[in-house]
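Here the structure is laid out as structure tokens; the discussion comes afterwards.
The values are calculated or read from the model by the stated rules, or taken from the named source; none is laboratory data. Note that the coordinates shown come from a computational prediction; the quantities given were computed from them, not determined experimentally. Every residue, glycine as well, gets a Cβ built from its backbone with ideal geometry; the counts of neighbours run over all protein chains shown. Just the protein is used for accessible areas: all its heavy atoms, side chains included, with ligands, DNA and RNA removed. Shrake-Rupley method; radii C 1.70, N 1.55, O 1.52, S 1.80 Å.
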Amino acid sequence: MNRRQTLRALSFAAIALPTASFAQTGERAAEDEHMRATLDAGKTSLETSRIALSKATDPAVKRFAQLESAEQETLAEVFAPRIDRSQAAQPKIDAEAKAAIDRVHAQQAGPAFDKVFLTEQMEGHRKLLAIQEAYLEKGRDPHQRGLALLIRGQVKEHILDLELIQKEKA
């Protein structure tokens, strides 16, 4: 089983487990914020990856975009049943995220595109890492913490992958 399938399986297992008093008492503000922030940041990564599927020229960049797209779609699927219904709207794309998507979209296919895409992915993954670490400092729900730990591990791996691809392209 590959790592992405493992993440999906473990995430669905975490969702299936009861969330004890957290869901019953309404003390889910940190959990809801974590999911919303993760999905919002992930939406930028997903959108830039979708652009890269047609514009990336380097095989490693294209492969990263394929895997990242699939992973962000899975993450949205995993969080969907856990998000408070009042927050069930699509992930938000703020001005900073829109600018990142626009920078990637504006590039012509080729090495310059690959470079911009990798730069934006690195920035986005650093933001995703900060979101996970912030939740792990204050979040109390054990199942949500498990998801944050899994996501943090994946994000750290992606940062290493991005560094390797950037180094190979230099």
_Local electrostatic count at Pro111 - Lys and Arg +1, Asp and Glu -1, tallied over other residues with Cβ under 14 Å_ = +1
*Quote the accessible area belonging to Thr44 in square angstrom, nearest 10, computed with a 1.4 Å probe and with ligands, DNA and RNA left uncounted.*
30 Å²
*Ser69: accessible area at probe 1.4 Å, nearest 10 Å²?*
10 Å²
_With the cut-off at 26 Å, tell me which of the pairs Lys62/Lys167; Lys62/Lys138; Lys98/Lys138 have Cα atoms farther apart than that._
Lys62/Lys138; Lys98/Lys138
*Spin-label pair Asp94/Leu149, simplified geometry with 7 Å Cα→Cβ offset, distance in nm*: 2.9 nm
*Quick one: with all protein chains in place, what share of the accessible area of region 115-170 is carbon or sulfur, to the nearest percent (1.4 Å probe)?*
54 percent
